[in-house]
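Contents: one structure, followed by commentary.
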2 protein chains.
Amino acid sequence: MKYSIGEFSKLTHLGIHTLRYYEDEKLIIPERNNANRRCYCEKDFAWIAFIKRLKDTGMPIKEIRHYAQLRAEGNSTQNERMEILIQHRQVLKKQIRQLKEHQAKLDEKIKFYQEEITSQNQ
Amino acid sequence: MKYSIGEFSKLTHLGIHTLRYYEDEKLIIPERNNANRRCYCEKDFAWIAFIKRLKDTGMPIKEIRHYAQLRAEGNSTQNERMEILIQHRQVLKKQIRQLKEHQAKLDEKIKFYQEEITSQNQ
DNA sequence: CCTTGACATAGAGTTAACTCTATATTGTAT
DNA sequence: ATACAATATAGAGTTAACTCTATGTCAAGG
């Protein structure tokens, strides 16, 4: 199955402009048809999903580009790509730990407000 | 204990420029001494710690400003501030859930690489 | 007295990540 | 054949959150 940029935009919930921007940034470079139109495929869809994951976990576009370029070079870069992901796993782990701490502190603060407010109503 | 902006900058690990920017944005407005110099105190330190927490959990500065303005209005806004934090707790909860999902998928991918690589070495 | 360093304000510059505009082509329905 | 909607490129504009520069003030040490 092949998708025009418009279809692919709907599929991925990324704007047309964003897809072209990602192409400029060399994150995802789709095939072209004989009229020079972009032709995205299933594989591109899976790849975009992964790009989103990296973005959502705070990886900047430059780093994603690096990963994408290694990917484009083929199998010989598997090891290096794995290393990047292993590094990133550490980052993610730390993020989760920190957010949990923030959550705990936020809960404390909310509890404090609740106590303040109920004590005022007596 | 009172701190000049230079001291407070070191204490909070926020640049002097950033502290002044936060003041422009009405997040934290310290006292002034008779020479018009900023005078940060312990309470400001606790408040900056909380601002950082909100920032680190993705709250934009405009929303933090809103919270800060309510805070400046005093006790009568306690309820509204609590509501904001309760809302934000939901956001945070969702963030953590998502990051955990991303972590799981990342682990899968790493595992996949490891299997690929070991199978190639045989 | 004079220099120096920390502070003050106002406003310009930077960076990341989009997002939009202008203009030109092209495939499809009438 | 013609109109029109989707696509193409190049480049400008936007937003958030800083970060820096220019210029001026002032208190304390030599």
Problem set entry | In sequence order, calculated HN-Hα J values of the range A:72-88 (Karplus, 6.51, -1.76, 1.60; Hz; x Gly/Pro) | 5, 6, x, 4, 5, 9, 3, 4, 5, 5, 4, 4, 4, 5, 5, 4, 5
Exercise. Taking the label point 7 Å from Cα in the Cβ direction, how far apart in nm is A:GLU42 from each other copy of itself, listed shortest first?
Worked result: 6.5
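Which entries of A:LYS94/B:LYS52; A:LYS43/B:LYS100; A:LYS10/B:LYS111; A:LYS2/B:LYS109 show an alpha-carbon separation above 28 angstrom in the structure shown?
Values: A:LYS94/B:LYS52 17 Å; A:LYS43/B:LYS100 24 Å; A:LYS10/B:LYS111 31 Å; A:LYS2/B:LYS109 25 Å.
Result: A:LYS10/B:LYS111 exceed 28 Å.
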Seminar exercise, completed: Label points for A:ARG97 built 7 Å along Cα→Cβ; distances to same position in the other copies, nm, shortest first, come to 2.5
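Could you tell me whether the range A:1-107 comes out rounded, prolate or oblate from its Cα gyration tensor? Rule is a ≥ b ≥ c as square roots of the eigenvalues, rounded for a/c under 1.5, then prolate if a/b exceeds b/c, otherwise oblate.
Working: a/c = 3.00, a/b = 1.64, b/c = 1.83.
Here the range A:1-107 falls in the oblate category.
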Exercise. Which is farthest toward the positive dipole end of the range B:74-122 among B:SER76, B:HIS102, B:GLN122, measuring Cα position about the Cα centre, with Cβ charges +1 (Lys, Arg) and -1 (Asp, Glu)?
Worked result: B:SER76
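Could you state the orientation-averaged shadow area of the convex hull built on the Cα atoms of the range A:1-59, in nm² to one decimal? It would help to have the intermediate numbers written out before the result.
Details: hull surface 15.6 nm².
It is 3.9 nm².
Quote the Stokes-Einstein diffusion coefficient, in whole µm² s⁻¹, for the range A:74-122, based on the Kirkwood radius over alpha carbon pairs, a temperature of 10 °C and a viscosity of 1.306 mPa s.
On the way: Rh = 14.1 Å.
This corresponds to a translational diffusion coefficient of 113 µm²/s.
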For this session: Give me the accessible area per residue for chain A, probe 1.4 Å, as a whole number in Å².
Result: 64
Exercise. How large is ³J(HN,Hα), in whole Hz, for each residue of the range A:5-21 in order, when computed from phi with the Karplus curve 6.51 cos²θ - 1.76 cosθ + 1.60 and θ = phi - 60°, using x for Gly and Pro?
Worked result: 4, x, 5, 5, 4, 5, 4, 9, 6, 10, x, 4, 5, 5, 4, 5, 4
Exercise. How much solvent-accessible surface does B:TYR22 expose, in Å² to the nearest 10, with a 1.4 Å probe and all protein chains in place?
Worked result: 20
Problem set entry | Net +/- balance of residues flanking B:LYS109 in space, Cβ distance below 10 Å, scoring K and R +1, D and E -1 | +3
Seminar exercise, completed: Calc'd 3J(HN,Hα), the range B:101-108, phi into Karplus 6.51 cos²θ - 1.76 cosθ + 1.60 (θ = phi - 60°), Hz, glycine/Pro = x, comes to 5, 4, 4, 4, 5, 5, 4, 4
Exercise. Which of the GluC sites (Glu not before Pro) found in the range B:1-99 are loop residues per DSSP with 16 or fewer other Cβ atoms within 10 Å of their Cβ?
Worked result: B:GLU25
Exercise. How big is the protein assembly as shown by Rg and Dmax over its Cα atoms, in Å?
Worked result: 24.0, 77
Problem set entry | Shortest-first distances to equivalent copies, position B:THR118, nm, label 7 Å out along Cβ | 5.4
For this session: Please list the non-local residues whose amide H lies under 5 Å from the amide H of B:CYS39, H modeled 1.01 Å from N, same-chain partners needing a gap of 5 or more.
Result: B:GLU31, B:ARG32, B:ASN33
Exercise. Where the centre of each part is set by its Cα atoms, how far does the range B:70-110 sit from the range A:51-70, in angstrom?
Worked result: 24
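The values are calculated or read from the model by the stated rules, or taken from the named source; none is laboratory data. Source: prediction; values computed, not measured. Quick reminder, even Gly has a Cβ in these numbers, built from the backbone with ideal geometry, and neighbours come from all protein chains shown. We work out accessible area using only protein heavy atoms, side chains counted, and drop any ligands, DNA or RNA first. Shrake-Rupley method; radii C 1.70, N 1.55, O 1.52, S 1.80 Å.
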